[in-house]
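A short worksheet on the structure shown next.
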Amino acid sequence: MRFGENFLTYPDLFPARPSGETWGDERLLIRFAGHVYGWTGLSATQAAAARQRFSELCLPPDEEPPAAVEIQVFRAAAEDFFDGGRVWSFEFDLDYAPDALSIAGFHFMGRLDWTPGLRGALWTSEDERLVSHSIFENFFRAVVAYHLFEQGGVLLHSAAVVNSGDAYVFFGPSGAGKSTISHLSFAAGHAVLSDDMNALRIGPAGVLVEKLPFAGDFGQQCKGAAGAYPLRALCRLHKGSDPTLEALRPAAAVAALLGCAPFINRNPYRRDQLLDQLQALNARLPVRALTFARDDRFWALLRRGEAE
Amino acid sequence: MIATDMVLKRCADTRYRNIGGEGVVVRQTASEVLVLNEIGVRLLELRQQSAR
């Protein structure tokens, strides 16, 4: 199937460059994980909805620090999009080039361009539903994934829990237990950064885990912890009846991480660099396989594992 | 089952990396990641040598 055919009426007319008629003059600056993302071209309705969604992360209008990534929002006609009977969709079509990424999704088209810095452009027919239909957030996730990647980090499909000032990251595909372990950890009195997406950054002092405003159902309710925490354990999750913690061989560890690095892991032009970064991450803090049951015994196992 | 007269060839859409003596193979079109043990790595590297 050709790129865009799932979502676009005229896939061949996908924008070749970031241009068009904006929705309005609203500008929104959103800061997290040490960087500012600048959105321009929003309508008043779109900006109000985004401000409500990202509330405390939005900078006041009188602050204008330079944005690390600029994202422009353009108007598109409703007839440009093909519904196919859907009322919503989480899936995307992706198309890769060495210096660009094209995204087609439900009622939107998006581009990331490296010129040479990363910039984003979003075309949508949605005004009131830009945020409620997750168009804004889904595109934002892709922008953040690439921005973080360019700085040597990785966006990991994972749950991150803070215990005694350190972060424990549990990753795996859907169904591996990220939400379950988040609930168990929260019930045991630990803060949950996110049960869905977390930023891992390799620095001179070690690996830091940073909270991102992207979470699953559990994480949206848990706004307690914020900021960056040193990574203490990195675990590939498995559900089971008894808790076990085992070392993973480096190739299996890198393969498991690769499977949980969304947006980048399918990009043929970024895959070698992604493998480099994941190898470096595993060299810093080797991934272990954690099998856990629906109780908090795994915490004792993790503490014992640290002592070994 | 691999037959004795079968000629093994690496798919054009794969990327391969040797990590610690084992292999990570990424199949781009299938969005699939495979881990090879030492024997799999040896087979793949022999195949690469013979293709040169």
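The values are calculated or read from the model by the stated rules, or taken from the named source; none is laboratory data. Not measured: the values here are computed from a predicted model. Cβ placement follows ideal geometry from the backbone for every residue including glycine, while neighbour counts extend to all protein chains displayed.
Observations
- Of the residues making up the range B:1-32, those that are in a loop (DSSP other than H, G, I, E, B) and not aliphatic (A, V, I, L, M) number 11.
- Within the range A:283-298, at least one residue is within 14 Å of another protein chain (Cβ to nearest Cβ), part of a helix (DSSP H, G or I) and under 18 Å from A:ARG201 (Cα atoms).
- Count - residues of the range A:227-264 that are of a type in the set (Asp, Glu) and outside any loop (DSSP other than H, G, I, E, B): 1
- In the range A:268-292, residue farthest from B:ASP13 (Cα to Cα) [restricted to those that are touching a residue at least 60 places away in the same chain (Cβ under 8 Å) and charged (D, E, K, R)]: A:ARG284
- Restricting attention to the range B:2-15, the residues that are surrounded by 13 or more Cβ atoms within 10 Å (Cβ to Cβ) and within 9 Å of another protein chain (Cβ to nearest Cβ) total 1.
- Among the residues examined, B:ARG47 does not qualify as among the basic types (Lys, Arg), in a helix (DSSP H, G or I) and under 20 Å from A:ALA252 (Cα atoms).
- Pairs, first not assigned by TED's automatic domain parsing to the domain that holds A:LEU245 in the range A:162-187, second acidic (Asp, Glu) and modelled with pLDDT under 95, C-beta under 9 Å, six or more apart: none
- Subset of the range A:231-260 (residues that are closer than 22 Å to A:PRO204 by Cα, within 12 Å of another protein chain (Cβ to nearest Cβ) and in contact (Cβ under 8 Å) with a residue 60 or more places away in the chain): A:LEU257
- Check on A:VAL207, under 18 Å from A:PHE170 (Cβ atoms), away from chain B (no Cβ under 14 Å) and touching a helix residue (DSSP H, G or I) at 6+ places or on another chain (Cβ under 8 Å): yes
- Taken as a whole, the structure places A:ALA47 among residues that are out of contact with any Gly (no Cβ under 6 Å at 6 or more places or on another chain), assigned by TED's automatic domain parsing to the domain that holds A:GLU126 and crowded, with 18+ Cβ neighbours inside 10 Å.
- Taken over the range B:34-52, residues that are at the interface with another protein chain (Cβ under 10 Å from one of its Cβ atoms) and either at positive phi or polar (S, T, N, Q) (or both) amount to 1.
- Cβ-Cβ contacts under 7 Å between residues 6 or more apart (or on different chains), taken from a first residue in the range A:27-48 that is closer than 13 Å to A:PHE140 by Cβ to a second residue that is hydroxyl-bearing (Ser, Thr, Tyr) and modelled with pLDDT of 95 or more, are listed as A:ILE30/A:TYR37.
- Pairing each residue of the range B:16-33 that is under 21 Å from A:LEU94 (Cα atoms) and facing another protein chain (nearest Cβ under 8 Å) with any residue that is in a strand (DSSP E or B) and of a type in the set (Lys, Arg), provided the two are 6+ apart or on different chains, yields C-beta distances under 9 Å for B:VAL26/B:ARG15; B:VAL26/B:ARG17; B:GLN28/B:ARG15; B:VAL33/B:ARG27.
- Given (1) free of Cβ contacts under 8 Å to residues at least 12 places away in the same chain; (2) assigned to a loop (DSSP other than H, G, I, E, B), number of the condition A:SER55 does not satisfy: (2)
- Restricting attention to the range A:15-44, the residues being more than 19 Å from A:LEU118 (Cβ to Cβ), out of contact with any Lys or Arg (no Cβ under 8 Å at 6 or more places or on another chain) and crowded, with 19+ Cβ neighbours inside 10 Å number 1.
- Screening A:ASN265 against (1) free of Cβ contacts under 8 Å to residues at least 40 places away in the same chain; (2) buried (at least 21 other Cβ atoms within 10 Å of the Cβ); (3) more than 18 Å from the chain's Cα centre (by Cα) leaves a single unmet condition, (3).
- Any hit, the range A:82-100, residues being among the hydrophobic types (A, V, I, L, M, F, W, C) and buried (at least 21 other Cβ atoms within 10 Å of the Cβ): no
- Taking the criterion of being touching a Leu at 6+ places or on another chain (Cβ under 9 Å) and more than 17 Å from A:ARG249 (Cβ to Cβ), the residues of the range A:278-298 that qualify are A:PHE292, A:ARG294, A:ASP295, A:ASP296, A:PHE298.
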